[in-house]
Each structure stands twice: as structure tokens, then as C-alpha cells.
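The values are calculated or read from the model by the stated rules, or taken from the named source; none is laboratory data. Nothing here was measured: the structure is a model prediction, and the numbers come from that model. Heads up, the Cβs are rebuilt from the backbone with ideal geometry, glycines too, and the neighbour counts pull from every protein chain shown. Each accessible area value is taken on the protein alone, full model and side chains, heavy atoms only, with ligands, DNA and RNA left out. Shrake-Rupley method; radii C 1.70, N 1.55, O 1.52, S 1.80 Å.
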Amino acid sequence: MARLELDRVEVTLGGNRILHGVSLDVADGECVALLGPSGCGKTTTLRAIAGFTPVSAGEIRIAGRSVLGLPPHKRNLGLVFQDYALFPHMTVAQNIGYGLRMRGEDRASIAKQVAEALALVRLSDMAERYPARLSGGQRQRVALARALVIKPDILLLDEPLGALDRKLRDAMQVELKRIHREVGVTTIIVTHDQEEALSLADRVAVMFAGDIREVERPATLYARPKSRAVMDFLGEANLIPAEVTADGALRLPGGAEIPHGGAKPGLVRLGIRPEHMAILPAPGPGSIAACVTEIVFKGAHASLYAEGPAGLALSASLSPAALEAPPAIGETVHLRPDPAHLILFEEDPA
Amino acid sequence: MQGASPRLTGFLLLAPALVFLIAFYLVPLGTMVEESLRSAPNDMDPRAGLHLFQYDRVWNSGRSWRALERTVRISAISTLLTLLVAYPIALFLFQVRAFWRTAILITIFVSLASSLIVRNYGWLVTLADAGPVNQLLLALGIADEPLRMVYSEGATIVALVHYALPFMILPIYGALTRIPPSFVEAAQSLGAGPWRALFGTVLPLSMPGIFGGTTLTFAICMSAFVTPLMLGSPATAMISQVAAEQFLVQLNFPFGSAMIVALTLVTFAILLAYTLLIRAVFRHHA
Ligand SMILES: Nc1ncnc2c1ncn2[C@@H]1O[C@H](COP(=O)(O)OP(=O)(O)OP(=O)(O)O)[C@@H](O)[C@H]1O
Ligand SMILES: [Mg+2]
């Protein structure tokens, strides 16, 4: 267990700069999720920490000491690979004991620790099985036990649940949370599933194109993202072009105005989550007229998609009650953003 | 072809290959088996009909039995040595940059295409009494006088290893490329140094390639003819040579055929036992 610091880490592969100075500070025992679209450099960051990818500039410190000079086998990290990489010629117990054997521990102590690790991931009755005869979820747990049994300073997980189906993934999320609570090891979990990131991590680091854009607690990140890109990437978002008038009001597309203090006059983008868009049958103060294009049922709620002035795409959540008599496709509705949940972003210079 | 069942279509597509196999492989083999069950005109006590007399001779005549035994021994040693030489080359091939990989692969294919006679002649020259190897040994003071290396079992083995190398390197290289890099990295992350990661994970996981390569090499060595003829002596003759002598010199076709059939059966039996052993040891692999 230790603190992990990435300080302006740069990685260049095959002549391409993949990481452009990634900085991240993970506290002892904390679980941070690296979230970002495919190809943004999440795996590369993990591999740089593990020592499989050379770092061209910057510094990586574990427990305050630089690890850049250490080869992978001396960094004392626990890795869980996306394909689990369980050794097919070893039983579950031998797989889990591998790291302890490499550390030259004696048989009795290995057997004891392997049994504990098996109990932790609730696989005690599978010790003598070979990986080929395990289910996906069981393999995942063996990989986790194998990485944890060596008491790593940092646990690194690359898309650990990516190969599992939806239901198993939900169950394993709960398991992972429990295990992290019991073991308390500093953890970095790479994922492109935002639900996984938001539900598992103490903090989420959002990454775009080789850069960590924002690191925040999940609730804060979702409710008050600092950048438009993060707002757009996380969950569903309305990004509405608007203008701050000289008298401090926000003029929405279609002409409606809502009072708003504190912003400089000029063009802005309003960010608002669909669940904070009220659907009104008639025009109200600060509402935008829009034509319903689609209604999608999503289980716990439903989403209404509509087209506002000048082709502006808008979305709003429909409550189960509202779904009893939903607006018809093609009908005009009036969507009103809740001023309490509005976020103002600077308009990108065109 | 409308209405033809897929099975019939498949059969028709296979037919040319089947005809070829039957005409050029099964028919001669059958003829040889039948021949081996008959008496030769110059046998001491020729008998009519089919009998196992020739096999009795293969087993009991000192020369053919010793040749068979020697063939198995030379093949086993050559296979083992080929594996030891080929494995590092395959590993190198696997790790090296694309340019070198292509260069080495082309070299291997060219060597496959070059004449066996020429290659064996190369070894004759290299290992000759006044050849470069002896000159080197003398120069280094390792030997006081030139060593007799050609026309021996050792020279035969060296040339067989050289001949069989591509058949060992390619399957092993193929197996290595199918090992996901994450296995080695997993071993390293668990504290295995590069060498231990290699022996603990890559070696066992390349077993399919080792198995394929050793099987091929062993079969090739068992049937070797030209190489022991050029680099060995009559005292180190392998079974194919002794059989050829019966076909070409003694004109005893039944006895020669029996040796070849015996060689085929022994090869088959050894490879079967080897396969079963490997399967039993590695039965847990996915
Ligand atoms: N060995 C390499 N040589 C050159 N470029 C590479 C190499 N490995 C990865 N890249 C590039 O680096 C970028 C980041 O890759 P990385 O695997 O870190 O993405 P990721 O965020 O993990 O994506 P995913 O969610 O799809 O796994 C990609 O554009 C990829 O093409
Ligand atoms: Mg990745």
C-alpha cells in the first residue's frame, strides 16, 4: 500500500506522442478510475506505471520513491489484465501462488496465503481446477487473487470487467468494492464504462487524447464538470448555445430569457442534464419550444429526444408517471432547464 | 450441380487429391506390404503364399536389427539436438524487429530450397581431416593432430540437425507468436525476472510448437537416407541404407520391403507413444 504520483509523464511509441504529460496523485488506499474514450491512452498509462512501456519524460513515484529505474518485476505491483492472463498449465492455487514462489517464500506460508486469497475472492473450492474449466467471472477473481496475494503497493486493473456480461459485471462491481474495502490497497482501475468508473472509484480521472482533463469525486464530476468535453462524455448532456445579455440574463435559443447573475456578457454554452429539463405542455418562462423526435424507454426512466430552434438537439428525462401519457412524436413540447442545475461553459472560439 | 448435397460436393472437391494419394501413396505402400510377406527367389527355403519370415529376419539378423536400433538412436539424439539449437533461434526470431525477422525467415526458406547433396557435401568439407574445424582445433591447441570426424555417427547427426532445423524452428516460432504477450508480462508483474518468466510461461506455452517440431524432425531423421550415406560409414548405416542395399544390390525385394515396413511401424509406434505421453502431461491446457 502506498501513494502513487504521476508527474507530467510523457510516453512516445513508434514516433507518436501517446501521453502528453499525465499528472495524477493517488492517495494511499484510494481507488481512482481512469475513464476515457477508446485510444486515449488509459492502457498506456497503466503500462507505464507497471514498467512495460518506457517513459520519455516525467516522473513516476510510489511511496515517494521514483520507480522509473526499476524493471517490472521489481516494482511490486499487482496487475489484472483484460484477458486475465491466467497460466493455463497451472491450477488456480498454483496461479495464485506464483508470485509468492517468485519471492522465494516457503511452502507452508504460500499455502496459507493462497488459502486466504481464495477465501477473499470466495473460490476456496476451486483451488485444484485449471483455468480452462472456470467461468469468466471465476477467472476474473483468480486473476484478482493472484494480483492481491503478493501484497502489492498498487493494484492496477485494466478493464477488469470488460469481458463479462452485464449481469455478471454488476455482481463483480459489488465484489470489487467489497474486496477493495477489505484489502484497502491503492488501486487504479482503467475502464471506458462510465457507470463502472462512477460506481467503483473514490475519484474519477477523465482522459482525452493522452491528457487527464479532470480528476474529481464521481458525484461532483457528474453534477459540476469543469469542462464541456467532460460534461458531454459523462452520461447524457444538453449543450445549449446561449447569450449572456448586458443586463445579466441568459437568452436561450428561441428568445426566452432566464435571469442569471455573475457571467460576463457574450456567447456561452449551457450544460444541463436531461433529468433537469422540465417538459411543459405550454410555453412557460425560460422554456424552449422543440419538436419531439424520439422517445426511448430505458427501464428506470425514459428519454425524450427533441429538436429545438435551428436543429438544436435536446433531451429530457420522462418520469414513469409522464410515460403513462407520453407526448406524440412530432408534437411540440416546451423544455425548461432548471436554473439551479445550469452549468455555464465558455463558448469554444469558432 | 443443383440438388447436389454438400457432402457430395465436398467429396467431388476432394476427389483429385484422393486419387493422387491412392495412386502414389497407398498403392505403393500396399504393394510393399504385400511384397514383405513373400519369399524371395534367393531365400534359403522359399515358401509360397504370405508369411512373416522376412520380419523374423529383420528382428533376428544382426545387421538389420542393429541398423534399426541405430536409426532410432540417431533420430532421437538428432531430434533433441535440433530442439536445443532451434529453440533459441525461434525465440530470437520472435523477439527481433520485423526487418531481421523477414531476413532470417528468407534465409531459412532458401536453405530449404537448396540441394541436400550440396549441404551434405558442405559438411564433408567442413569436418574433413584438413577442414576448417580441424584447423581451428589445431590452432587453438585443443587437438594435437587432426581429428577423424567425417564418416561417423557424429557427422551424420550434425548434418541431420542442420537439415531438420527449419522443420523445428518454424512450428516453434508459430507457437510463440500465438502466446499473448500478457502471459509474460503477468509473470513479470508477479516478480519473475525475464529468464524465469521465459521458462515459467513461454516454454510450457510453446509446447504445441515443440511437439510439432520434434515429431516432424524425428520422422524426417528416421527415414534419412542420403545424409547417413554421405557422412556415415557402412558401420554406421541407418535402416534405409540397409534396405536400399537389399533392393539395389541383393535384389531381395521382400527383405528390403520388410525393413521399410518395420521402419514405418516403429516410427509410428514411437510417435504414438510420444503423442499420448505429451497429451497426458499437458491435458489441462485449454
Ligand atoms: N506499441 C504501440 N506503438 C504505437 N502506438 C501505440 C502502441 N500501443 C498503443 N498505441 C497507440 O496509443 C494510443 C493509446 O492506446 P491505449 O491502448 O493506451 O488506449 P486505451 O485508452 O487503453 O484504449 P482502449 O479503451 O481501446 O483500450 C492509441 O492511439 C494507440 O494506437
Ligand atoms: Mg486499453
Kindly indicate whether B:Arg7 is open to solvent by 50 Å² or more (accessible area, probe 1.4 Å), at pLDDT below 90, on the phi < 0 side of the Ramachandran plot and not in a helix (DSSP H, G or I).
no
Exactly one of A:Ala132, A:Ala119 is modelled with pLDDT under 95, part of a helix (DSSP H, G or I) and touching a Pro at 6+ places or on another chain (Cβ under 7 Å), and that one is A:Ala132
Restricted to the stretch A:13-32 and to residues being farther than 25 Å from A:Val185 by Cβ and open to solvent by 60 Å² or more (accessible area, probe 1.4 Å), the residue farthest from ligand 1 (Cβ to nearest atom) is A:His20
Restricting the stretch A:199-214 to residues that are in contact with a helix residue (DSSP H, G or I) (Cβ under 7 Å, 6 or more places away or on another chain) and closer than 16 Å to A:Leu46 by Cβ, the one nearest to ligand 2 (Cβ to nearest atom) turns out to be A:Met207
Taking the stretch A:171-195 and the residues there that are open to solvent by 10 Å² or more (accessible area, probe 1.4 Å) and closer than 24 Å to A:Val230 by Cα, the one that is farthest from the chain's Cα centre (by Cα) would be A:Gln173
Among the residues of the stretch A:218-260, the number that are of a type outside the set (Lys, Arg) and open to solvent by 60 Å² or more (accessible area, probe 1.4 Å) is 10
For the stretch A:69-89 the number of residues that are closer than 18 Å to A:Gly41 by Cβ and among the aliphatic types (A, V, I, L, M) is 1
All conditions in (1) within 14 Å of chain A (Cβ to nearest Cβ); (2) closer than 17 Å to B:Glu69 by Cα are true of B:Ser223 except (1)
The one condition A:Lys151 fails out of (1) at pLDDT 85 or above; (2) under 13 Å from A:Glu196 (Cβ atoms); (3) open to solvent by 10 Å² or more (accessible area, probe 1.4 Å) is (2)
Would you confirm whether or not the stretch B:47-63 contains a residue that is among the β-branched types (Val, Ile, Thr) and either under 30 Å from B:Glu245 (Cα atoms) or surrounded by fewer than 12 Cβ atoms within 10 Å (Cβ to Cβ) (or both)?
yes
Those residues of the stretch A:31-55 that are of a type in the set (Ser, Thr, Tyr), in contact with a helix residue (DSSP H, G or I) (Cβ under 7 Å, 6 or more places away or on another chain) and away from chain B (no Cβ under 11 Å) come to a total of 0
Apart from one, (1) open to solvent by less than 10 Å² (accessible area, probe 1.4 Å); (2) of a type in the set (S, T, N, Q); (3) within 21 Å of B:Leu198 (Cα to Cα) all hold for A:Gln140; the odd one out is (3)
- Boolean, A:Arg217 is farther than 13 Å from A:Leu344 by Cβ and more than 16 Å from ligand 2 (Cβ to nearest atom): yes
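Every residue, every condition in (1) within 16 Å of ligand 1 (Cβ to nearest atom); (2) modelled with pLDDT under 90; (3) farther than 19 Å from A:Gly271 by Cα, yes or no:
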position: A:Ile189; (1), (2), (3): yes, no, yes
position: A:Gln194; (1), (2), (3): yes, yes, no
position: A:Ser199; (1), (2), (3): no, yes, yes
position: A:Asp202; (1), (2), (3): no, no, yes
position: A:Ile212; (1), (2), (3): yes, no, yes
position: A:Pro218; (1), (2), (3): no, no, no
position: A:Leu221; (1), (2), (3): no, no, no
For helices (runs of 4 or more DSSP H) lying entirely in the stretch B:170-257, having 3 or more residues that are without any contact (Cβ under 8 Å) to a residue 40 or more places away in the chain picks out B:181-189, B:194-197, B:239-248
* Filter pass, B:Ala155 being buried (at least 18 other Cβ atoms within 10 Å of the Cβ), among the small types (Gly, Ala, Ser), farther than 30 Å from A:Arg103 by Cβ and out of contact with any Pro (no Cβ under 7 Å at 6 or more places or on another chain) -> yes
Counting only strands (runs of 3 or more DSSP E) wholly inside the stretch A:1-98, the ones holding at least 2 residues that are within 16 Å of ligand 2 (Cβ to nearest atom) are A:4-13, A:16-26, A:31-35, A:77-80
Scanning the stretch A:33-74 for residues that are away from ligand 1 (no atom under 16 Å from the Cβ) and under 24 Å from A:Asp202 (Cα atoms), the one surrounded by the most Cβ atoms within 10 Å (Cβ to Cβ) turns out to be A:Ile62
Selection from the stretch A:220-260 of residues within 11 Å of A:Leu344 (Cβ to Cβ) and more than 27 Å from the chain's Cα centre (by Cα) yields A:Ala242, A:Val244, A:Leu250, A:His260
Test A:Ile96 against the criterion of being within 16 Å of ligand 1 (Cβ to nearest atom) and out of contact with any Leu (no Cβ under 6 Å at 6 or more places or on another chain), and give yes or no. no
Checked against (1) within 14 Å of chain A (Cβ to nearest Cβ); (2) more than 20 Å from the chain's Cα centre (by Cα); (3) of a type in the set (A, V, I, L, M, F, W, C), B:Ala175 satisfies every condition except (2)
For B:Phe99, the lone unmet condition from (1) among the hydrophobic types (A, V, I, L, M, F, W, C); (2) over 21 Å from B:Met259 (Cα atoms); (3) at pLDDT 95 or above is (3)
All conditions in (1) within 16 Å of ligand 2 (Cβ to nearest atom); (2) in a strand (DSSP E or B) are true of A:Glu196 except (2)
Taking the stretch A:306-342 and keeping only residues that are under 24 Å from A:Ser227 (Cβ atoms), touching a strand residue (DSSP E or B) at 6+ places or on another chain (Cβ under 7 Å) and open to solvent by 30 Å² or more (accessible area, probe 1.4 Å), one is left with A:Ala313, A:Ser317, A:Asp338, A:Pro339, A:His341
Checked the stretch A:261-290 for anything part of a loop (DSSP other than H, G, I, E, B) and open to solvent by less than 80 Å² (accessible area, probe 1.4 Å); matches are A:Gly261, A:Ala263, A:Arg273, A:Ala282, A:Gly284, A:Gly286, A:Ser287
With the first residue restricted to the stretch A:156-185 and required to be closer than 18 Å to A:Arg146 by Cα, and the second required to be of a type in the set (D, E, K, R) and more than 16 Å from ligand 2 (Cβ to nearest atom), Cβ contacts under 7 Å at 6 or more apart or on different chains are A:Leu161/A:Arg169
*Got at least one residue in the stretch A:56-73 being under 15 Å from A:Leu157 (Cα atoms) and either of a type in the set (A, V, I, L, M, F, W, C) or within 11 Å of chain B (Cβ to nearest Cβ) (or both)?*
no
Considering every residue within the stretch B:274-284, establish whether at least one is within 14 Å of another protein chain (Cβ to nearest Cβ) and among the aromatic types (Phe, Trp, Tyr). yes
